[in-house]
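The values are calculated or read from the model by the stated rules, or taken from the named source; none is laboratory data. As the structure is a prediction and not an experimental result, all values here were calculated from the model. Neighbour counts are summed over all protein chains in view; Cβ atoms, including those assigned to glycine, are modelled from backbone coordinates with ideal geometry. Heavy atoms of the whole protein, side chains included, go into the accessibility calculation; ligands, DNA and RNA do not. Shrake-Rupley method; radii C 1.70, N 1.55, O 1.52, S 1.80 Å.
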Amino acid sequence: FGQLKLKQLLFDGGKAGDSGRAAFRAMEAQQESAEASRLDAVFAVSQAYYRVLEARELLRVGEHSRLQREAFFKLTDSYYQAGKATRIEQLKAEAQLLDAERSLVQARAALRISELILKKTIGIGIDAELGIRDGLPDTFTEPENDEVLLGRMVENNPDLKKSARFKEQARLSIDSATGSYFPEVSLQGTYGYRDRDVGGIGDEWMAGVFLEWSLLEGGATQAQVAKARARFRELEWNDKALRDQVRVDLSQVVGDIRTALASIRSSKRLVEAQDEAYKAVVEFYKRGKANYIEVLTAETDLTQAKAAYVRSIGEYQTASARLDRVVGKR
């Protein structure tokens, strides 16, 4: 006996179509997941890169501070030798110089570690040479208004798009499972050859429209539908929680950028003021109208203001990179 059978499905309650569309949504979700991973990698590299720039600039601040304190120590020491300054003033100036050298060692170590982290993040090996010619920016951009950023986030954020695809897949899975309640209608045709014990040898064929309907399936379809609905509800709540979270993330990162910008403006102005104050108090000290404590305090204030300015720029750059990740900038 040999037989060839052809079957063309006409109606199955939508099971095949919904299953295909659900599989396509799952594929799209995986693509968005890959895009989310790529953006995460970009953010990690950007963050590590900005940490290197910040550490390098803080090292320069430390080097400049050391030069200032060294110059003041030499000035105080010459005054001490000439009898114009006390031993305490000389020791204080020397202590400030040693503290600047300690901070300098700390800044060099921080730069070295930040470079190692960057190498590890970009995967070039920690023994590879790393040359960075960029520096901290001089201009800073205000973030767009909240409504524009929210619209961009909803449109481009891969996490939201992935969640939406998975939710749509779950909905289509419900439709596919529900299709088992309906009969299956198909167009079938068979052609065969049979060697019979009675009646001899001959061909046989059959063609027609067939209807198949399971009258008793032990509640399997109902269970599959209930499972699909439970999965959909789970993803629906997860999607809602994710949308709330990314909106919180967006508000937070925009707030961080605006705070950093305000800090940049205030700390830059403070650097200018402290620099003028330091120059003035040094001149007063040379004329005997200021004491060493005032000079040391001015030095410390100037160094702290410069460090605060650098850190503000670093916070701005990191927050900007985080904003790109939240809104899904490609």
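Listed by chain and number, the aspartates and glutamates placed with their C-alpha closer than 12 angstrom to that of LYS329 are GLU35, ASP40, GLU155; residues fewer than eight positions away on the same chain are left out.
Around TYR191, under 10 Å between beta carbons, what's the net of Lys plus Arg minus Asp minus Glu among the other residues? So the surrounding residues net to -1. Our summary gives the chain a relative contact order of 31 percent, counting only alpha carbon pairs under 8 angstrom and 6 or more residues apart. Cross-link partners for LYS15 among the aspartates and glutamates, with Cα-Cα distance under 12 Å and sequence neighbours closer than 8 places in the same chain left out: ASP175, GLU184.
Partners of LYS120 within straight-line reach, counting lysines whose Cα lies under 18 Å from its Cα and excluding those fewer than 8 residues away in the same chain: none found.
Dipole of the stretch 23-179 computed with +1 at Lys/Arg Cβ and -1 at Asp/Glu Cβ about the Cα centre; of GLN30, LEU97, LEU130, farthest Cα towards the positive end is LEU97. For the stretch 130-190, chymotrypsin sites (Phe, Trp or Tyr not before Pro) are listed when DSSP marks them as loop and at most 15 other Cβ atoms sit within 10 Å of their Cβ; the list is PHE140. When the solvent-accessible area of the stretch 209-248 is split by element, carbon and sulfur atoms take up 56 percent of it, the probe being 1.4 Å.
Solvent exposure of the chain amounts to 60 Å² per residue of accessible area, where only protein heavy atoms count and the probe is 1.4 Å.
One Cα centroid belongs to the stretch 269-291, the other to the stretch 111-184; the line between them spans 49 Å.
Among the trypsin sites (Lys or Arg not before Pro) found in the stretch 182-256, those both in a DSSP coil and sparsely packed, with 14 or fewer other Cβ atoms within 10 Å of their Cβ, are ARG196. Checking every one of the GluC sites (Glu not before Pro) in the stretch 50-139 against DSSP loop status and a limit of 10 other Cβ atoms within 10 Å picks out GLU129. Helix content alone sets the calculated 222 nm mean residue ellipticity of the chain: runs of n ≥ 4 DSSP H residues at -39500 (n - 2.57) each, divided across all residues, give -26500 deg cm²/dmol.
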